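The values are calculated or read from the model by the stated rules, or taken from the named source; none is laboratory data. Bear in mind the structure is a predicted one, so any value in this text is a computation, not a measurement. Positions of Cβ are backbone-derived with ideal geometry, glycine not excepted, and every protein chain shown enters the neighbour counts. For accessibility, only protein heavy atoms count, side chains too; no ligands or nucleic acids. Shrake-Rupley method; radii C 1.70, N 1.55, O 1.52, S 1.80 Å.
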Protein chains: 2
Amino acid sequence: MKTTRNTTAKTAVLEVFEKSRTALSHTEIQKQLNDVCDRVTIYRILDRLVNDDIVHKISNLDGTVKYAKCNHSNQRVHIHNHAHFSCENCHEITCLENVKPSYIMPHNYKVKEINFTLSGLCPNCLNSNI
Amino acid sequence: MKTTRNTTAKTAVLEVFEKSRTALSHTEIQKQLNDVCDRVTIYRILDRLVNDDIVHKISNLDGTVKYAKCNHSNQRVHIHNHAHFSCENCHEITCLENVKPSYIMPHNYKVKEINFTLSGLCPNCLNSNI
DNA sequence: ATTTTATCGCAACATTGTTGCAAATGATAA
DNA sequence: TTATCATTTGCAACAATGTTGCGATAAAAT
């Protein structure tokens, strides 16, 4: 049985998530960590965190991948069925915890995960008259 | 005013889309074209096709970006509000033209585009008892 | 046929993600 | 506390993907 360890690098990554309101890319995490650990280590930590359902992965329309901490891991069945918002101006991605899409699927599909990302202008950028 | 031209490379790319039932990545398109044109040219053609609303871009959870031809460009307001399905087994991405999510947004967001991708097993792979 | 300019090919570069392996380190039990 | 051992890390090297600049080519309009 593979156990997971609490290393200093992992703790540092989790602290970065804690401080951030928005989802973060690998590069953004790396910048905030400044040389706490290697680039490769961050990739591996993120993989583990996603696997352990501590962090979820979000892919943006532009092809960038971001990560955000889950703040509902107390639920028994843990599905990330909430939406994300991607601002085309400031490029921040935020979780819209309360936005849950409803939809009707054709038969014969087995849905395991959903990724619902809306893009446009976030409240901040909308107010700035852009 | 920038006009767009019909080149042989662009026509070839569109033919590849025509033949394909599923969404295609840059690499997949390149393989099917075998050396009709340069790798860079394909990137630029795809950019233009997306800009002209002839093709839409889909980004998958694994970070891969795929493209599919729009078959509803007759609509006046052209928003890609349909869902896509990404099979975790065969990795094919298909458009679910009839699946349109309904959702309620918080105020102060201006939504311009949505990306709704469901993943799991497609009918083909589901039947294969995987 | 000539002109204009969008498009192309090439080369070089930047970014992002992956892999193998020896060394380091966290967790567990002695 | 120390010994043990599997997990994690750093490094180096590699692979894949996407971008940019620029001279050459070719599509479309006159």
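Points to keep in mind about this one:
- In this simple spin-label model, placing a label point 7 Å from the Cα along the Cα-to-Cβ direction at both B:N98 and A:L126 gives a separation of 3.3 nm.
- Accessible area buried between chains A and B, both sides summed, probe 1.4 Å, in Å² to nearest 100: 3200
- In order along region A:114-119, the Karplus-derived 3J(HN,Hα) couplings, from 6.51 cos²θ - 1.76 cosθ + 1.60 at θ = phi - 60°, round to 10, 10, 10, 10, 9, 10 Hz, and Gly and Pro are given as x.
- Residues of region B:88-105 with an amide N closer than 20 Å to a point placed 7 Å from the Cα of B:T27 along the Cα-to-Cβ direction: B:88-94.
- Looking down the axis that turns chain A into chain B, the chain A residue with its beta carbon nearest that axis, and the gap rounded to whole angstrom, comes out as A:P101, 2.
- Each other copy holds its own label point for B:S20; taking that point as 7 Å from Cα along Cα to Cβ, the gaps run 3.1 nm, nearest first.
- On chain A, 45 percent of the accessible area sits on carbon and sulfur atoms, based on a 1.4 Å probe.
- Pairwise alpha-carbon distances in the protein assembly as shown exceed 35 Å for 22% of all pairs.
- Mean accessible surface per residue for chain B, computed with a 1.4 Å probe while every protein chain stays in place, in Å²: 60
- Whole-Hz Karplus values for region B:40-47 come out as 5, 4, 4, 4, 5, 5, 4, 4 Hz, taken residue by residue from phi with 6.51 cos²θ - 1.76 cosθ + 1.60 and θ = phi - 60°; glycine and proline positions read x.
- In order along region B:4-12, the Karplus-derived 3J(HN,Hα) couplings, from 6.51 cos²θ - 1.76 cosθ + 1.60 at θ = phi - 60°, round to 10, 9, 9, 9, 5, 5, 4, 4, 4 Hz, and Gly and Pro are given as x.
- Cross-link pairs exceeding 28 Å in C-alpha to C-alpha distance, out of A:K19/A:K100; A:K10/B:K112; A:K31/A:K100, comprise A:K10/B:K112; A:K31/A:K100.
- Chain B, dipole about Cα centre (Lys/Arg Cβ +1, Asp/Glu Cβ -1), debye to the nearest 20: 460
- Expressed to the nearest 5 percent, the antiparallel share of DSSP beta bridges inside the protein assembly as shown is 75 percent.
- Distances between copies of B:T4, taken at a point 7 Å out from Cα along the Cα→Cβ vector and listed shortest first: 4.4 nm.
- Taking the label point 7 Å along Cα→Cβ, B:N98 and its counterparts in the other copies are spaced 3.4 nm apart, in ascending order.
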